[in-house]
Amino acid sequence: MAKGDKTVETADRTSREKQEAGALVSPPAALADSRDGQPGWIDPDMDFIRVLSRQSGDSLKKCIQCGTCSAICELSPDPKPFPRKEMAWAVWGMKDRLLKDPDVWLCHQCNDCSTRCPRGARPGDVLAAIRQQSVARYAVPRFLARWANEPYCVPLLLGIPIALLTVVLYIGNSLGVPQPSRERIIFPFCNKLPHWLLNVSFAVVGILVLAAVVAGAMRFWRAMMIADGRDGAALPAKSPPARIVAALKIAVPVLWSIMAHDSFAKCTRTRLRFYSHLSVLFGFLALSLVAVWVVTAKVNPLIPDGLIYPFGFWHPWKLLANLGGVAILAGCLWMVVDRVRDNEHSGAFSDWTLIVTLLAVVVTGFIAEILHFVRLEPHRHVAYFTHLVFVLTLLMYLPYSKLAHIVYRTTALIYAEYSGRNGKNTARTAGREEES
Amino acid sequence: MALRLLTTSSAGAPGKDSPLAGKRMGMVIDVGKCQPDCDKCIKACQQENNVVQAAAHKNHELAVHWIRKVTIRKKIETDEKAKKAEAAQKSVILVCNHCDNPPCAQVCPVRATFKREDGIVLVDHHRCIGCRYCMIACPYNARYFNFEDVEVHEEDLNKDRPKRSHGVAESCTLCAHRLDAVDQDGNPSPRVPACVEACENGALAVGDMNDKTSTVYELLRDYAVKRLKEDLGTEPKVHYIGL
Amino acid sequence: MEIKFERVEGTSFQYRVALLVFGGFALVGLLSTLWVMKYGIGRTGMTNRVPWGLQIVMAVYYIGLSAGSLVISGLYGVFGKLEYKPFARIAVYLATLFLIAGLLSILTDQGRLDRVFVQPFVHFNLQSMFSINPILYNGHILICLIYLWALFTERKRTTTVVATLAFGWAFCVHSGTGAIFGFGARVLYESPLLPASFVAAAMASGTALMIVMIVGLFRATNRPLDDELICWLGRFLAICVLVVFYFLFVENAYRFYVVELREAAHYFLFGGFHSLLFWIGLIFFGLVVPMCILFNPRTGKSIPWIVLASSLVIFGVLCERYVIVVPGLTNPPDLFPGMEIVHDPALVEGYATYSISTQEVLQALGVLGVVGFLFLLGLKYLELLPTEARIHPD
Amino acid sequence: MPENAAHGRSGNGRGLLVSILVLIVLAPLGYYVVRGTAVALGGKPSVEFLERPATQDDRCIWNMEAGEMRLHHWEHLARIREDVVRFGKRDVPGLNECRNCHQSRANFCDRCHNQVSLTPDCFGCHYYPDNEHWDPQRFPER
């Protein structure tokens, strides 16, 4: 498409949007939505405003509600577009309203809006800060999410997995808990670490994390339902199997579109983000699958004759794991380059923590692998321990760190699909808006 | 074979039970007894230490020689052929000098070359990275490098001794494996090095220079000996009688 | 004075061809190194008597070039000469690359490349220059990277601090490299002057390389460059060349003066191919002709002449590195003073010979390819070159 | 919606790319399904134990159990190596003595090393017979 067309269309859209947006989120409408339900009464959360301001470089003060951001955004649905209205709510400190807003999660922070804001505000960063607050609200338990975003908590956060692994190793080695006999997993060359105990503890942590994730997602879902005034409304289908089918009908296309990076592909600022996130996501999926396979090998019916661990270099799982590692490494390095190049938006603390943790996991993993192949004792065990620490860090804080976007964005996208927010079921949305 | 139970106690440091403690191995070569056209010691060394294949190398300069023999004579400045022929020729055996201050061990970046407690200078082939710095540092040209893998026939091989793979440096070990040999009960039963065993003229002797009963001790006591390039301060332990 | 740095576009035909050529070199080098890893270094010109060859020569040469480049950047970084600020970034970048090249040359020369990344870290021998030098080299690369970062982010005070550190460190690096050869086993190596003369030659070759690079790059990208800047560098080069000449003279005079060394000195100066390189390559083309050009008031101010002189110095110093490394090895140790070896069935008697083999040339090309490739990429993706370099900007 | 303005990547091409990636990620699972089926249909399991000496005694001359040996042999070999090379202690049987009982390198050493992609350089220098004439009777069933 030629550039001219686009400009015309954007301009066209901007004017249209402006009228629409003016009608939808003019102050009276927003006032009606205030925290304690009293019309015309706003109770601004000053702390919230302060946090957002700090994390977005005073964007809130710069915003003049021109609506360029909403007009430019490729992801924003036509009715009630974001991020303009979110900017307004943020300025007024309407924390409750914002944290219940699925639109905040529809944003993939391509920062098209931030680069093209005439006032130099950064709506992308504001939304990112709101998302972080949102994680802090819905996460179970909440204090972990608070810690996960505080730089001075890093030693503590790293200390927990180190302590945990040390205890496991102590129990396994020093206390001499016997290895269960007749192992299905065979470790021909490695028993410095009590693998079965490690597997068990990782599985336990994994299950706990899963529980935390589900609980957080449910809280978030309910909050969005209440905010939309459809509390108690169920899926249209009645019988349980039909319900599952209906739920799948909504969830599967959404999940596919997440994997296909539909939203990232729309980002016009840089193509780098599409590829970097794609490779990191699939690398992460591959490595998670390999990890789950190894950890659950003991109870896996698909393994007919025992699993030899460590795998040989040409073993399918090993190949996949190496590919995944390279993918994450490349993707993360791309992300780093992207953030370093962009002087204005160099990424928030939580952003960098995630990238650095991922890099640490992959790099220590490769070092451990190389040392394994050169059989350097005891260095390889030290490297492997470090690797495990970072893996556990990543896993443990999944529901609380930036990585929680896996949960909340997916939930929000599914909710958007379910509630017709994504523009496909516009009739319903439009009807609802007329009511209000 | 005596079985020493492998416990966790490391044999890392030379302790009191070290079989090498208090020894100082040296070699004495009697140049006068060495016959010019005899190469039994060289053949024996090659057979014993599997250097025979390396010696048969196509490129002479790439071959490995733990022990070699050179013919020398007095340097005569005049060009008269008759005078040159008059000058007495001597056959001199050259091996690694097992210096007390080995420059090769000093420059080895990974400590693959080292001086054992009994003074023998060895190369740990498991560790050598092949930088060839030791060959540069050796003032005696006594070090050799395995430039290529050499094909070995199984029947030519002394199966109890390693052959070589490419990329590591090596030199005479003074047949340390023979000197350290133990009998069935684990008691030391040293054998003389292959070259000494092969020499029918008694030109070579290897032994503990601290042991007053050893041949080496007696020879060093009774004869005036010379060492190569003493001015460098490397303190070689290979001594020549009648050089 | 605001200096703008700009990337080159990197879309021209010449750029792509250069990229392709260097990439090809790197690939060839990689393949030949893999071959060496599998089969050993038997196909090189090295033998048991000449165990070091072209790769070590090149390593020593590259490390020298790196030093010289750093000197140019130090003009701005350490001494604060603002008119040389335009060249600071490219100089530091080149210094980093050439040090990497030196390390790569040494790496590809090892017999067991697979162990190099493990054993030196596990077993360390502080008595060996080969253990000390990697610390110096890697530290230098690190310092250069920090220096580069400081230059890119225009941090003035950090630049001065890091530049001074890099300057001092570079002297350690190059003295350390010279010290590799400093021991008594080889008559021609044994010289306390070696580290010092090594540094002098390094400065000369590095300065010369920077002159060629700067003029070439500014011409190729059509950026204005004041002749006066290059003339000053030319004069600096002339002094460096003079110092090199002085050291060479003292070293050889000393060897002739000491009776024991006289034979070796004779071999060094009149002994074979290396003597040819010494007289023709180093003394005549590398030192005398450049000095004539640079000290001549007319040619010393003409850019083409200065570039010619610089190219000759670059070549001459390469010859110098060769005559440092190889003759010291081919000249055999005198095991029996006063005697001569009549017959040696194992090794060839007398002076050994060394001839550069295809294998070594391919590996050396590979290293050059890697560095050239990185250099071209750097031009495209980093803001290395200034839009102009003038003493008095309009 | 200017969806096709998304820097020229059509939805179909992206779908294909992602499908391929998903397939790659799931490929090892397929491998296991195929292998599991093969084993269920009576195929040979791929994990086998290694050659043992003719004696029924489970103990090596190092006075260790087979499992212990499998887990630690290279550490012991490395320690013996240091003892022999650096300290001249030759009263412990080393690699040369292994071949007195375990006569096939292919079955005693290489199998396991190949399984986990390890290539120790022991045999570049140390002689170990590579004969295929090992006694199948020595192969205990799982």
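The values are calculated or read from the model by the stated rules, or taken from the named source; none is laboratory data. Source: prediction; values computed, not measured. Cβ atoms come from the backbone with ideal geometry, glycine included; neighbour counts cover every protein chain shown.
When each of C:P327, C:P332 is tested for being buried (at least 22 other Cβ atoms within 10 Å of the Cβ) and touching a Gly at 6+ places or on another chain (Cβ under 9 Å), the lone residue that passes is C:P327.
Within segment D:25-49, residues that are not assigned by TED's automatic domain parsing to the domain that holds D:D110 and at pLDDT below 80 sit with their Cβ atoms under 7 Å from residues that are surrounded by 13 or more Cβ atoms within 10 Å (Cβ to Cβ) and assigned to a helix (DSSP H, G or I), at 6+ positions apart or across chains, in these pairs: D:P45/D:V39. Here C:V187 qualifies as buried (at least 17 other Cβ atoms within 10 Å of the Cβ), more than 19 Å from the chain's Cα centre (by Cα) and within 13 Å of chain B (Cβ to nearest Cβ).
Residues in segment A:293-341 that are more than 8 Å from chain D (Cβ to nearest Cβ), in contact (Cβ under 8 Å) with a residue 60 or more places away in the chain and within 20 Å of D:V34 (Cβ to Cβ): 4 in all. Is it true that some residue in segment A:366-379 is away from chain D (no Cβ under 14 Å), surrounded by fewer than 20 Cβ atoms within 10 Å (Cβ to Cβ) and in contact (Cβ under 8 Å) with a residue 12 or more places away in the chain? Yes - at least one qualifying residue is present in segment A:366-379. Residues that are assigned to a helix (DSSP H, G or I), of a type in the set (A, V, I, L, M) and modelled with pLDDT under 90 within segment A:322-354 comprise A:M335, A:V336, A:V337, A:V340, listed in sequence order. Between A:L60, A:L158, A:L75, the distinction of being part of a loop (DSSP other than H, G, I, E, B) and farther than 24 Å from A:M218 by Cα belongs to A:L75 only.
If you go through segment A:105-123 and keep only what is assigned to a helix (DSSP H, G or I) and either surrounded by fewer than 24 Cβ atoms within 10 Å (Cβ to Cβ) or small (G, A, S) (or both), you end up with A:W105, A:L106, A:D112, A:S114, A:T115, A:R116. Within segment D:72-88, residues that are within 7 Å of chain B (Cβ to nearest Cβ) reach partners that are crowded, with 17+ Cβ neighbours inside 10 Å and among the polar types (S, T, N, Q) with beta carbons closer than 7 Å, at six or more positions or on different chains, in the pairs D:F87/B:S18. Of B:G119, B:G167, B:G130, all but one fail to be part of a loop (DSSP other than H, G, I, E, B) and more than 10 Å from chain C (Cβ to nearest Cβ); the exception is B:G119. Scanning segment C:41-82 for residues that are of a type outside the set (V, I, T), over 23 Å from C:W169 (Cα atoms) and in contact with an Asp or Glu (Cβ under 9 Å, 6 or more places away or on another chain) gives C:G42, C:R43, C:G45, C:M46, C:N48, C:R49, C:W52, C:G53, C:L54, C:Q55. Only one of the listed residues (A:L281, A:L358) is touching a residue at least 60 places away in the same chain (Cβ under 8 Å), assigned to a helix (DSSP H, G or I) and not acidic (D, E). That residue is A:L358. In the set C:F268, C:F218, C:F198, only one residue is within 15 Å of the chain's Cα centre (by Cα), crowded, with 19+ Cβ neighbours inside 10 Å and part of a helix (DSSP H, G or I); that residue is C:F198. Residue check: C:I324 meets all listed conditions (1) part of a helix (DSSP H, G or I); (2) farther than 29 Å from C:S105 by Cβ; (3) within 14 Å of chain B (Cβ to nearest Cβ) but one, namely (2). Against the test of being outside any loop (DSSP other than H, G, I, E, B) and either more than 9 Å from chain C (Cβ to nearest Cβ) or on the phi < 0 side of the Ramachandran plot (or both), the options B:V110, B:V92, B:V150 yield a single qualifying residue, B:V92. Restricting segment A:130-143 to residues that are more than 16 Å from the chain's Cα centre (by Cα) and assigned to a helix (DSSP H, G or I) leaves a set whose member that is surrounded by the most Cβ atoms within 10 Å (Cβ to Cβ) is A:R142. Per the listing C:L233, C:L225, C:L294, the residue uniquely touching a helix residue (DSSP H, G or I) at 6+ places or on another chain (Cβ under 7 Å), at pLDDT below 90 and farther than 25 Å from C:N331 by Cα is C:L225. Looking at B:P190, B:P162 in this structure, which one is of a type outside the set (S, T, N, Q), more than 10 Å from chain C (Cβ to nearest Cβ), surrounded by fewer than 24 Cβ atoms within 10 Å (Cβ to Cβ) and without any contact (Cβ under 8 Å) to a residue 40 or more places away in the chain? Result of the check over B:P190, B:P162: B:P190. Given the conditions (1) touching a residue at least 24 places away in the same chain (Cβ under 8 Å); (2) of a type in the set (D, E, K, R); (3) in contact with a Leu (Cβ under 9 Å, 6 or more places away or on another chain), and given that B:D185 satisfies all but one, which numbered condition is not satisfied? Single failed check for B:D185: (3). Considering (1) of a type in the set (A, V, I, L, M); (2) within 22 Å of C:L193 (Cβ to Cβ); (3) outside any helix (DSSP H, G or I), the lone condition that C:I341 does not fulfil carries the number (2). Scan segment C:49-75 for residues that are within 8 Å of chain B (Cβ to nearest Cβ) and crowded, with 24+ Cβ neighbours inside 10 Å and the total you get is 1. Within segment D:98-123, the only residue that satisfies the criterion of being surrounded by 16 or more Cβ atoms within 10 Å (Cβ to Cβ), at the interface with chain B (Cβ under 10 Å from one of its Cβ atoms) and modelled with pLDDT under 85 is D:R99. Among the conditions (1) touching a residue at least 60 places away in the same chain (Cβ under 8 Å); (2) part of a loop (DSSP other than H, G, I, E, B); (3) buried (at least 19 other Cβ atoms within 10 Å of the Cβ), the only one that C:E383 does not satisfy is (3).
All conditions in (1) buried (at least 16 other Cβ atoms within 10 Å of the Cβ); (2) at the interface with chain B (Cβ under 8 Å from one of its Cβ atoms) hold for C:H343, with the sole exception of (1).
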